[in-house]
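Visitor: Quick one: the structure is below, questions incoming.
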Amino acid sequence: MICQETFQNLSLLRRHAEDTHSVWGKCPICGITKAHEKRLRDHVRKVHLHEGTPEEKEKALEYLKPTVVCKICGADYNSAKLLQRHVVKCESRQKLLGE
């Protein structure tokens, strides 16, 4: 057994196990760990950007700001994974339009 937590259903148990006992990344503001990039970004957005202190809000904005740009159309993303998905669509659109 990893911890003593109990849950009402399997879905909540799985989410707890992923968020607490499987680590993708660490919050740069409070240090909490999350198993998925999206959950980490959601945490930063909800806890620090919307409900945090002014200092936390500033750090959250810095963390959430776009960091990668599509070379085809200029769309910006704050995740390489999201950019990859976008580029596939952008390249398909280019092929369809014959650009």
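Every number here is computed from the coordinates shown, using simple stated rules; none is lab data. Quick caveat, the model's predicted, so the values are computed rather than measured. With ideal geometry, Cβ positions are generated from the backbone for all residues, glycine too; neighbour counts draw on all protein chains shown.
Visitor: Computed FRET efficiency, Cβ-Cβ of L96 and Q4, R0 35 Å: what is it to the nearest 0.05?
Guide: 0.05
Visitor: Also, I was wondering about something else. If you put +1 on each Lys and Arg Cβ and -1 on each Asp and Glu Cβ, how big is the dipole of the chain around its Cα centre, in Debye rounded to 20?
Guide: With only Lys, Arg, Asp and Glu charged at Cβ, the dipole is about 380 debye.
Visitor: Using only DSSP helix segments of four residues or longer, with each worth -39500 (n - 2.57), what per-residue ellipticity at 222 nm results for the chain after dividing by its residue count and rounding to 500?
Guide: -15000 deg cm²/dmol
Visitor: Another question about this same structure. When the Cα atoms of the chain are enclosed in a convex hull and the volume is divided per residue, what value in Å³ results?
Guide: Considering the Cα atoms of the chain, their hull volume per residue is 139 Å³.
Visitor: Okay, next question. Using r as the Cβ-Cβ distance of K89 and E55, and R0 as 35 Å, what FRET efficiency do you calculate, to the nearest 0.05?
Guide: So the FRET efficiency works out to roughly 0.40.
Visitor: Can you tell which of V69, G98, H86 lies farthest toward the positive end of the dipole of the chain, using +1 and -1 charges on the Cβ of basic and acidic side chains (Lys, Arg; Asp, Glu)?
Guide: G98
Visitor: Which aspartates and glutamates, on any chain, are close to K71 with Cα under 19 Å apart, when same-chain ones fewer than 8 places away are left out?
Guide: Of all the aspartates and glutamates, those that pass the test against K71 - Cα under 19 Å, at least 8 places apart if same chain - are E91, E99.
Visitor: Once you charge only the Cβ atoms, +1 for Lys and Arg and -1 for Asp and Glu, what is the size of the charge dipole of the range 10-65 about its Cα centre, to the nearest 20 debye?
Guide: 220 debye
Visitor: Ranking D19, D76 by Cβ neighbours within 10 Å, fewest first, what do you get?
Guide: D76, D19
Visitor: Only Cα pairs within less than 10 Å get springs; with that Gaussian network setup on the chain, which residue of G74, G25, G52 has the largest fluctuation?
Guide: G74
Visitor: Counting pairs of alpha carbon atoms under 8 Å apart in space and at least six apart in sequence, what relative contact order in percent does the chain give?
Guide: Relative CO of the chain lands at 13 percent.
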